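The values are calculated or read from the model by the stated rules, or taken from the named source; none is laboratory data. Fair warning: this is a prediction, and the values are worked out from it, not measured in the lab. Cβ placement follows ideal geometry from the backbone for every residue including glycine, while neighbour counts extend to all protein chains displayed. The area values use the complete protein model at the heavy-atom level, side chains included, leaving out ligands, DNA and RNA. Shrake-Rupley method; radii C 1.70, N 1.55, O 1.52, S 1.80 Å.
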Amino acid sequence: FLKILIGLSTILTIGALLWIVTYVAVRGFSGFDSTFWEEISPMIVTTLLMIFLSLVISVPIGIAAAIYLNEYAKNGKIMEVIRFSIETLSGIPSIIYGLFGMIFFVTFLKMGFSILAGTLTLCIMVLPTVIRTTEESLKSVQASFREGSFALGATKLRTVLRVVVPSAISGIMTAVVLSVGRIVGETAAVYLTAGTVARMPSSFTDSGRTLSVHLFILAKEAISFEKAFATATVLIVMILIINLIANFIGARGEAK
């Protein structure tokens, strides 16, 4: 009975996913006309640029914080408060991050509606996910790995960098994949910080429109539902490609 129940749950989950993807792709196929790619190219560049900048800033900081919390910090009340705060931040609605980014980066620091302001807001938003996922992957590394490294005379830092982190690379890449998914699909935080200007960005200080914001505007203003579905299809394909690349890197690193 349990095997049948688990099998039905699997079929239901995969079936729902395939149905959604197929529905979006079929509805969006009619939106791929001669002008679509010309119109959407600035949004693709802006999205890729924000993904790259967000990962470059947030992933090293998140991994370093996770290493400190798991390998160096002593367990106590302070660490419990820190971990509880990180978990709480990961559940805060994105609109709150967007309001913070608009007040602090856009207004207080006078960055204006820009890709840089949106990127910094996204970095703060995905940091809890990177820290928690990386920390859990570091905890899963066998203690014998550390003991063997120490027995060979390696220092604490060398053990962490050469033994622990490589052993947890698959979990770290999972954190990257989750972060990319949230960055690509984020609308509210980007809408309030990066702006909605539909043009090719020339610098980090320019305002820009991501694919998710473009999709929101197309659907909200009922400009073209076909192009909205086409934009959604591009988003799905982009996330799929990035996930495949991340999984490939994680598998290669784990095998090595």
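Assorted remarks:
- Within the range 58-81, the set of residues being among the β-branched types (Val, Ile, Thr) and open to solvent by 60 Å² or more (accessible area, probe 1.4 Å) comprises Ile61, Ile78, Val81.
- Any hit, the range 47-62, residues being of a type outside the set (Val, Ile, Thr) and over 15 Å from the mean Cα position of the chain (by Cα): no
- Test: residue in the range 25-47 that is out of contact with any Gly (no Cβ under 9 Å at 6 or more places or on another chain) and within 23 Å of Cys123 (Cβ to Cβ): yes
- Single residue of Thr193, Thr174, Thr187, Thr205 found to be modelled with pLDDT of 90 or more and touching a helix residue (DSSP H, G or I) at 6+ places or on another chain (Cβ under 7 Å): Thr193
- Residue pairs whose Cβ atoms lie under 8 Å apart, separated by 6 or more positions or on different chains, with the first residue in the range 22-42 and small (Gly, Ala, Ser) and the second part of a loop (DSSP other than H, G, I, E, B) and open to solvent by 70 Å² or more (accessible area, probe 1.4 Å), are Ser41/Met200.
- Against the conditions (1) modelled with pLDDT of 80 or more; (2) open to solvent by 60 Å² or more (accessible area, probe 1.4 Å); (3) farther than 18 Å from Phe52 by Cβ, Val237 satisfies every one except (3).
- Within this structure, Phe248 fails the test of being of a type outside the set (D, E, K, R), more than 22 Å from the chain's Cα centre (by Cα) and either closer than 30 Å to Ala25 by Cβ or in a helix (DSSP H, G or I) (or both).
- Scan of the range 201-228 for residues that are assigned to a helix (DSSP H, G or I), of a type outside the set (A, V, I, L, M) and over 22 Å from the mean Cα position of the chain (by Cα), ordered by number: Lys220, Phe225, Glu226, Lys227
- The residues listed here are Trp37, Trp19; of these, the one that is at pLDDT below 90 and in a helix (DSSP H, G or I) is Trp37.
- Any helices (runs of 4 or more DSSP H) falling wholly within the range 92-182 and containing at least 1 residues that are in contact (Cβ under 8 Å) with a residue 24 or more places away in the chain, polar (S, T, N, Q) and open to solvent by less than 20 Å² (accessible area, probe 1.4 Å): 115-139
- Qualifying residue in the range 13-35 (condition: farther than 29 Å from Ala188 by Cα, within 26 Å of the chain's Cα centre (by Cα) and surrounded by 12 or more Cβ atoms within 10 Å (Cβ to Cβ)): no
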